[in-house]
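Here the structure comes first, spelled out in structure tokens, and everything after it is commentary.
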Amino acid sequence: MQLENAPADLFELFANADNGVFLLFGALVALVVQIVKNNFVNKLKIDFCNKFDFVPLLPFILGLALAALNFFCFCGRSFTGFGSLVEIVVDGITIGAAAVVIYKFVSSLDKNSLKNLSKDGVFAILFNEIVLVTDLKRQLLDNEVPLSEILKKVKKVADEVKKIYVVCEDDENSDANAKADADDEGNDDLQSDGDECGQSEAVGADEMRRTTLRDLLSQLVDGSDLDEKVKYLHETFKNYFKG
């Protein structure tokens, strides 16, 4: 089942009475998994500290439990051996798979989730270089600041970074085109003046970007880390937008 086709596929499942039961069980499992994940599992410690994540297994564990409950209680059937075991296992896996699809589909609708925001290259660079290697990581792990607040700040900075670097790259491209036109016309004096002016403007634009980036990063980083991060990210973003 492809994620982009999930709504149609889920509707097709629901149209069948038996599959509709599995779909309802899957929705229930997805809800329970979300509750467990939000209240009893520190996903940040799992992601940041590379600890074992049992959450992906939880839908199938709960699916097996519901399949057994459905077999013995709701359907009132008796265990007859290996065939019954296989049926329960298959039904449990089906419920777990339905829960995973439902969970991923609902999660894809949340445009402010870390996974969706990280699809933006600028955001991903900032998050990796600012959050994961500074004191913000410790604050997140110790629950001193909520992840949603950090994501909001990083997204805001990422949007501003795009503005200053994309605009400056467009200006530099325009200057390069003007210089090429001067070369074609063979005007040495204009070319010489243009080189000096172009170099001066390029230095000024580069310094402006660096200063603006420093002001933006000061919203996320303070202390001795700031200047180091400004230097690294300035060069990173220059190369990123040229590419």
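Taking only protein heavy atoms and a 1.4 Å probe, what accessible area per residue, in Å², does segment 7-164 have with all protein chains in place? Walk me through the numbers on the way to the answer.
Working: 9190 Å² over 158 residues.
I get 58 Å² per residue for segment 7-164.
Using only the heavy atoms of the protein chains and a 1.4 Å probe, how would THR80, THR236 rank by accessible area, largest first?
Working: THR80 115, THR236 30 Å².
The ordering from most to least exposed comes out as THR80, THR236.
Over segment 26-142, what is the relative contact order in whole percent, taking alpha-carbon pairs under 8 Å and six or more residues apart? Present the calculation step by step, with values, prior to reporting the outcome.
Working: 85 pairs, mean separation 36.7, N = 117.
Computed value for segment 26-142: 31 percent relative contact order.
May I ask you to evaluate 6.51 cos²θ - 1.76 cosθ + 1.60, the Karplus curve with θ = phi - 60°, for each residue of segment 64-74 and list the ³J(HN,Hα) values in order in whole Hz, giving x for glycine and proline?
Computed from phi, the couplings for segment 64-74 are 5, 5, 5, 5, 5, 4, 5, 5, 8, 9, 6 Hz.
At a 1.4 Å probe, what is the % contribution of carbon and sulfur to the accessible area of segment 19-72? Could you put the intermediate results ahead of the total?
Details: 2170 of 3040 Å².
Carbon and sulfur together cover 71 percent of it.
Where the centroid of each part is defined by its Cα atoms, how far is segment 93-110 from segment 17-67 in Å?
9
The values are calculated or read from the model by the stated rules, or taken from the named source; none is laboratory data. Keep in mind it's a predicted model, so treat the numbers as computed, not measured. Keep in mind that these areas ignore ligands, DNA and RNA; they rest on the heavy atoms of the full protein, side chains included. Shrake-Rupley method; radii C 1.70, N 1.55, O 1.52, S 1.80 Å.
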